[in-house]
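See below for the structure under consideration.
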Amino acid sequence: YRANTDAGFSIVTWTGTTSNETVAHGLNAKPDFMICKKRSTGGNSWIVWHKDIGDTKYLILNGAADPDTDATLFNSHTNDSSTVFSLGTNNSISDTDDTAIAYLWSEVEGYSKIGSYTGNGVDGNGPFVWCGFRPAWILIKRTEAYTQNWIIYDTKTGPYNEISNTLSPNQTVGETWTTDDEIDVVSNGFKLRSNSGFNNGSTSAIYIFAAFAETPFKYANAR
């Protein structure tokens with residue numbers, strides 16, 4: 001692995017055994033968000049786990065489906081800790097003698113926020129999501145009842161509120177612009193400004209997100 005503990009980010013590679021085991025990650029904190037992919041054979045999806053979808057569920061980054069249940073992917077995260085994460089018997093990312101890679105994040109105060117929120121379905125006045133910093137990059141995914149695309153906002157392609165420029169990692173389309181998916185990025189988080197199913201559906205709509213700071217305060221150098 002190669003890990004940056006200040007940024008809460010680690011890149012890990014391993015060779016599978018198709019058995020329950022643990023892999024070191026070097027984060028010095030329990031992972032909150034993981035993206036994994038088999039490297040040595042084709043045809044496998046990007047497997048995603050987020051702390052707010054449950055220990056036996058997973059998502060597909062290259063697909064729009066809701067979370068599915070498979071406790072064998074990460075062995076229900078039984079042995080996850082500040083030093084290792086768990087792999088199970090599922091051969092999607094732990095096939096015997098096949099190599100795989102994982103990108104792991106742990107939340108860092110003032111730099112990253114990995115969490116979830118519930119929509120309110122109100123156009124123009126959606127929920128405010130507190131991050132503790134001004135985000136530069138935000139990934140959002142609806143996780144129940146509806147098949148919705150992953151959606152990404154950033155303050156470079158959308159430098160002014162309301163931001164409506166988006167990318168979608170599970171689609172082959174380029175950057176899109178639509179007033180149906182707008183958000184405001186503010187000094188301590190972001191606020192939904194539409195009632196789109198992608199980011200602010202009804203009061204039963206649950207969304208996971210990962211956000212990273214524009215100017216990380218915790219490790220900023222004074223001038």
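The values are calculated or read from the model by the stated rules, or taken from the named source; none is laboratory data. No experiment lies behind these values; they were computed from the predicted model shown. The area values use the complete protein model at the heavy-atom level, side chains included, leaving out ligands, DNA and RNA. Shrake-Rupley method; radii C 1.70, N 1.55, O 1.52, S 1.80 Å.
Please give the per residue volume of the convex hull enclosing the alpha carbon atoms of the chain, rounded to a whole number of Å³.
Looking at the chain, the number lands at 118 Å³ per residue.
Would you list the P(r) distribution for region 59-179, with all Cα-Cα distances sorted into 10 Å bins from 0 and each bin expressed as a whole %?
In order of increasing distance, the bins hold 10, 31, 37, 17, 4, 0 percent.
Please go through the residue pairs LYS37/LYS156; LYS57/LYS191; LYS37/LYS141 and name each one whose alpha carbons sit more than 22 Å apart in this structure.
Exceeds cut-off: LYS37/LYS156; LYS57/LYS191.
Under 15 Å Cα to Cα from LYS113, which aspartates and glutamates show up? Leave out anything in the same chain fewer than 8 places away.
ASP6, ASP32, ASP52, ASP154, GLU214
Just need the Rg to Rh number for region 1-124, please, alpha carbons only, Kirkwood Rh.
0.99
If you count only protein heavy atoms and use a 1.4 Å probe, how large is the accessible surface of THR78, to the nearest 10 Å²?
Rounded to the nearest 10, the figure is 90 Å².
Residues of region 3-155: accessible area per residue at 1.4 Å, in Å²?
40 Å²
Using the Karplus curve 6.51 cos²θ - 1.76 cosθ + 1.60 with θ = phi - 60°, work out ³J(HN,Hα) for each residue of region 192-208 in order, rounded to whole Hz, and write x for Gly and Pro.
Going residue by residue, I get 6, 10, 8, 10, 5, x, 5, 9, 7, x, 5, 5, 9, 7, 10, 10, 9 Hz, with x marking Gly and Pro.
Can you give me the % of accessible surface on the chain that is carbon or sulfur? Probe 1.4 Å, all protein chains present, nothing else counted.
Whole-percent figure for carbon plus sulfur exposure: 47.
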